[in-house]
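Taken together, the values in this text are just the output of simple stated rules run on the coordinates, not laboratory data. Every value quoted in this text rests on a predicted model; they were computed, and no experiment measured them. Please note: Cβ atoms are built from the backbone with ideal geometry, for glycine as well, and neighbour counts cover all protein chains shown.
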2 protein chains.
Amino acid sequence: MNPQVSIITLGVRNFARARRFYVEELGWPVDQEDHNWVCVLLGGGSTAFTLYPWDELAEDARVSPDGEGFRGVTLAYNVRSEKRVDEVLAEAEQAGASIVKQPEHTAWGGYSGYFADPEGYLWEVATGATKLPFAE
Amino acid sequence: MNPQVSIITLGVRNFARARRFYVEELGWPVDQEDHNWVCVLLGGGSTAFTLYPWDELAEDARVSPDGEGFRGVTLAYNVRSEKRVDEVLAEAEQAGASIVKQPEHTAWGGYSGYFADPEGYLWEVATGATKLPFAE
């Protein structure tokens with residue numbers, strides 16, 4: 001098994017709201033979609049990002065849909081300046097996200113904040129990690 | 001904000017066990033690491049995959065670490081044949097994963113199964129989705 005992720009799927013309780021956030025507000029281009037599924041190809045082309053109803057995703061994996069609280073997973077968006085961290089967080093908030101952590105300087109010498117998408121998924125927006133892939 | 005994920009981070013309750021699964025058993029090459037953090041660069045180079053302690057990840061985002069049950073997120077590994085689906089699931093199981101769903105033919109014409117890594121993160125191993133990025 002190679003170090004690869006073909007698809008990151010977020011199970012969503014309100015599909016229309018989640019689709020609106022990523023596709024309409026953030027403007028991510030749809031590669032493929034169906035009534036209950038939307039797929040965006042991430043930059044680089046090696047990984048897709050999809051939204052699918054929470055209960056149906058659990059059913060697909062044959063696990064219980066019950067779940068609450070911290071989900072253990074975060075996604076990071078790495079940019080080249082503190083100014084861009086502030087701007088991206090503001091853009092996400094404008095699009096309907098909640099700011100979970102205002103950006104601050106970190107112990108590792110960076111600068112980062114977090115937002116939660118309308119479904120509660122946590123995104124870190126960061127700069128300073130120069131050896132990690134930049135999102136822009 | 002572009003359609004990009006710089007880093008997928010999985011919060012793990014047993015860091016050593018999770019590192020062993022991905023790095024030692026599956027053989028994913030370490031790009032950078034620290035005592036409580038390991039980073040693998042996924043193929044394509046646009047996204048990194050990191051493991052970090054569950055409670056510290058929650059603390060970094062300033063959210064409660066309390067959480068249980070279905071996490072809402074799945075990762076998919078898309079291959080070119082049903083034989084490879086079976087083989088990758090067997091490889092993951094051999095490495096310490098649990099098979100959550102034995103592979104079967106799907107309503108969308110594919111063939112897929114799921115495993116859970118030692119921390120319970122769900123991976124779908126699938127074939128048949130020819131328009132999605134292949135992992136191998």
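So what's the net charge close to residue A:39: Lys and Arg +1, Asp and Glu -1, counting the other residues with Cβ under 10 Å from its Cβ? Write out the running numbers ahead of the final one.
Numbers: positive: B:131; negative: A:31, A:33, A:34.
Neighbourhood net charge equals -2.
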Fewest to most neighbouring Cβ within 10 Å: what's the order for A:6, B:98?
-> B:98, A:6
Cα-based Rg / Dmax (Å) for chain B | 15.4, 44
So, with +1 on the Cβ of K and R and -1 on the Cβ of D and E, and no other charges, what is the size of the charge dipole of the protein assembly as shown about its Cα centre, to the nearest 20 debye?
-> 360
So what is the 222 nm mean residue ellipticity for the protein assembly as shown from helices alone, if each DSSP H run of at least 4 adds -39500 (n - 2.57) and you divide by all residues, rounding to the nearest 500 deg cm²/dmol?
-> -5500 deg cm²/dmol
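If you only keep lysine pairs separated by 8 or more in sequence, or across chains, how many in the protein assembly as shown come under 21 Å at the Cα atoms?
Pairs that pass both the separation and distance tests number 4.
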Using alpha carbons only, how many degrees (0 to 90, rounded to 10) separate the axis of helix A:82-95 from the longest principal axis of chain A?
-> 30
One finds the C-alpha centres of region A:50-94 and region A:9-37 to be spaced, in Å, by 12
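As a test of the definition: which semi-axes, in Å, follow for the protein assembly as shown when you take the square root of five times each eigenvalue of its alpha carbon gyration tensor? Largest first, please.
Details: eigenvalues 145, 93, 61 Å².
Over the Cα atoms of the protein assembly as shown, the semi-axes work out to 27, 22, 17 Å.
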Kirkwood hydrodynamic radius (C-alpha pairs) into Stokes-Einstein, region A:74-127, 25 °C and 0.890 mPa s, D in µm²/s = 229
